[in-house]
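First the structure, in the form of C-alpha cells, and then the observations on it.
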Amino acid sequence: MLLPNVVKDIDFKLISGDLEKEITSVEFDSRKVTAGSMFVCVQGFTVDGHSFAGKAIEQGAGAIVVDNLRTGFPEEELIRLSEKTGAAVIEITNTHLHLADLCANFYSHPEKKLSIYGITGTKGKTTTAFMLRQILEQSGRMTGLIGTVCNIIAGEKIHAAHTTPESRDLYEMMDTLVRDEEDSLVMEVSSQALKLDRVRGLRYTTAAFTNLYEDHIAPNEHPDMEDYLSCKLRIFDSCDTGILNADCEAAGRVIEYCSGKTELLTYSIGGTADFTARNLRPERRGHVTGTVFELVSEYYNGDIFVALPGKFNVYNALCAICTAYKEGIDIEDVMTALASISVPGRMQPVENDFGVNILVDYAHNAAALESVLDTLKEYTKGRIITVFGCGGNRSRTRRFEMGEVSGNLSDYTVITSDNPRNEEPMAIIQDIITGISKTEGEYEIEPDRSRAIKLAVQMAHEGDTVLIAGKGHEDYQIFADRTIHFDDVEQAQTAVTERGQTG
C-alpha cells in the first residue's frame, strides 16, 4: 500500500524523505522490520521505540513514524538517518494511540467487514467466548476467536501472548479472517486492551460485561478498582448492544454508563433480568457432567443443558445466549452447541468408561481452586481426588493456601510438580505440605506430574471425580534447564487408556 494511504485521515508532518513509496507492513517491533516496512516508534512503559529507529532503517524500513512528544531524537538526527537510505520520517501526535489507525488503514479496515462480539470482565471471558463461537459456528457462521487460551484464525490455532493482542497483530488477524471469507469474530477484551487502546477502531455488534473482582489491582495494571472498572466500561462506547450480568456488584454502574448510549440486555440467576436461569441441577449425560437450568426469556422458556458443571458456567451460558438472541439464531442451534461445549483447560472433561468424572482446570490459586472444588462437591457422589502443584518463582503464600484448600475440600490429594522453573520441585512441594498439614485431608506425594495423574486415575472408582488443577490449557512444563511439551489432557487420556488396558 502506498504510504499516503497508510497515513490517511491522520495529521502528520513529513520530516524527511518522500511519501511516494510502497509500504509492505506496519511494525512496532524493530525485530520484525523488513524491506519496505513502516516502523512506528511507540513509547512504552519501559522501552522507547524511538531508540530502535536506527536499527529499523538499517533493516530496510521504508518509513519511520515518530511521536511529536518524544524525548530526544531531534529532527536533525532523524534526517541524517533518513538520508542514508531514503526512508521517510513522519511525525504524528501520539504514536501509541494511532498505531491502530495506521494498521486499520494498511489492512483496508477489516474490522468493518466482520461482526465482532466483545466480552470483558474479570472471570468467565474465555468460557463465554468459546460458547459463543460454538453457537455461531453451529448456526452456520464462519467465526474466528481471540482470547487467553489461544487465537483461532481461519481454522488455525495460534498461541496467544496476551488475552487481547496488540493492535498491529489484532488487525492482521482480522485481515486474515476477511481473506478467508469468515464473517464473525468473538474476542476477549481485557481491561488493559481497553486502557492501552489496543482495540481502538473496533465497533462491537454486542459487548458483554461478565463480572468484576479485585484480580488486576497492581502497579503495572490498575492502581485501584475505579480505574479498573472505568477501563472496562469503555467497551460500551462503541457497540450496538450491551450485555450485562445483572447479578454482579458493578451492575448499577454499568446500567448508569449505558443509559442513553446503547441498548442493554441483562441476565441473572434467579433474579430479575431479560434472561433468567432457574432450577439449576447437576446432570450427567454420557461421559459429560454438566448442568440443566430453566431459561425464562422472550427468546425461549424451557430447560437447557450445558456440558460444563457449575453455577458460574450457567452465567457464561446466559451471556452467550443473549448474543444468540440478538443475532436471531435458532434456539435449537444454541442448545446443540451448549450440550457439547468443551473449553481447553476450563473444567475440560476427559472421556472414560469407568464412570469417573475426570476434569482438567486452570485453577492455579487458592480462590480459584476453592471455587472449583466447592462446585464439584455438588456433582460428585463419591470422592474428590485432586492433583496439583504450584509454580516456581511465584508466591510461596499461594502454596500454603492451595495446600490448605485442597486438604479441606478434597477427599484425597496427590501433590505433584507444576512449572518448577528455577526452584527445586521438592522445595515447592514441601511448602504445599505445610498448608495441607493444617487439615485432616489425606494426601501423598508424587513429584512426577505424569505419574501423579496416572496414580489419581488408577485409584478413582465409579462416582469419583479426579480434578487435575493448575495448568489447564498450557501444553508445556518449565524446569530450570529445559521446557518440555506437557499437556494435562493428553496425560489424562493416556492414563485412561492404560487403565483400560490393565482392566
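Take the conditions assigned to a helix (DSSP H, G or I), closer than 28 Å to Gln192 by Cα and over 25 Å from the mean Cα position of the chain (by Cα) and apply them to Phe52. Does it pass? Against the criterion (assigned to a helix (DSSP H, G or I), closer than 28 Å to Gln192 by Cα and over 25 Å from the mean Cα position of the chain (by Cα)), Phe52 qualifies. What about Gly435, is it surrounded by 16 or more Cβ atoms within 10 Å (Cβ to Cβ) and not aliphatic (A, V, I, L, M)? Considered against the rule, which asks whether it is surrounded by 16 or more Cβ atoms within 10 Å (Cβ to Cβ) and not aliphatic (A, V, I, L, M), Gly435 comes out as yes.
Of these, Ile57, Ile90, Ile119, Ile79, which one is in the same structural domain as Ile10 (by TED's automatic domain parsing) and not in a helix (DSSP H, G or I)? Explain how you work it out, then say what you get.
Numbers: Ile57 fails: not in a helix (DSSP H, G or I); Ile119 fails: in the same structural domain as Ile10 (by TED's automatic domain parsing); Ile79 fails: not in a helix (DSSP H, G or I).
Within the list Ile57, Ile90, Ile119, Ile79, the selection yields Ile90.
Please go through the stretch 431-480 and give me each residue that is out of contact with any Ser or Thr (no Cβ under 6 Å at 6 or more places or on another chain), basic (Lys, Arg) and touching a residue at least 60 places away in the same chain (Cβ under 8 Å), ordered by number. Matches in the stretch 431-480: Lys471 only. Of the residues Glu444, Glu462, only one is assigned to a loop (DSSP other than H, G, I, E, B) and assigned by TED's automatic domain parsing to the domain that holds Leu409; which? Going through Glu444, Glu462 in turn, the sole match is Glu462. Hey, among the residues in the stretch 277-311 that are acidic (Asp, Glu) and either farther than 20 Å from Thr266 by Cβ or in contact with a Gly (Cβ under 8 Å, 6 or more places away or on another chain) (or both), which one's modelled with the lowest pLDDT? Ranking the qualifying residues of the stretch 277-311, first place goes to Glu283. Is the stretch 250-263 home to any residue that is assigned to a strand (DSSP E or B) and surrounded by fewer than 19 Cβ atoms within 10 Å (Cβ to Cβ)? Yes, there is a match, as at least one residue in the stretch 250-263 is assigned to a strand (DSSP E or B) and surrounded by fewer than 19 Cβ atoms within 10 Å (Cβ to Cβ).
Scanning the stretch 369-388 for residues that are touching a Phe, Trp or Tyr at 6+ places or on another chain (Cβ under 9 Å) and small (Gly, Ala, Ser) yields one hit, Ser371.
Filtering the stretch 226-239 for residues that are outside any helix (DSSP H, G or I) and over 22 Å from the mean Cα position of the chain (by Cα) leaves an empty set.
Scanning the stretch 349-394 for residues that are in contact with a helix residue (DSSP H, G or I) (Cβ under 6 Å, 6 or more places away or on another chain) and not in a loop (DSSP other than H, G, I, E, B) returns Val350, Ile358, Val360, Asp361, Ala366, Leu369, Glu370, Leu373, Ile384, Ile385, Thr386, Val387. Looking across the stretch 381-424, just one residue is under 19 Å from His461 (Cα atoms) and modelled with pLDDT under 95, and that is Lys381.
The values are calculated or read from the model by the stated rules, or taken from the named source; none is laboratory data. Given the structure is predicted, the values throughout are model-derived calculations rather than measurements. As a convention, Cβ positions derive from the backbone with ideal geometry for all residues, glycine included, and neighbour counts pool all protein chains shown.
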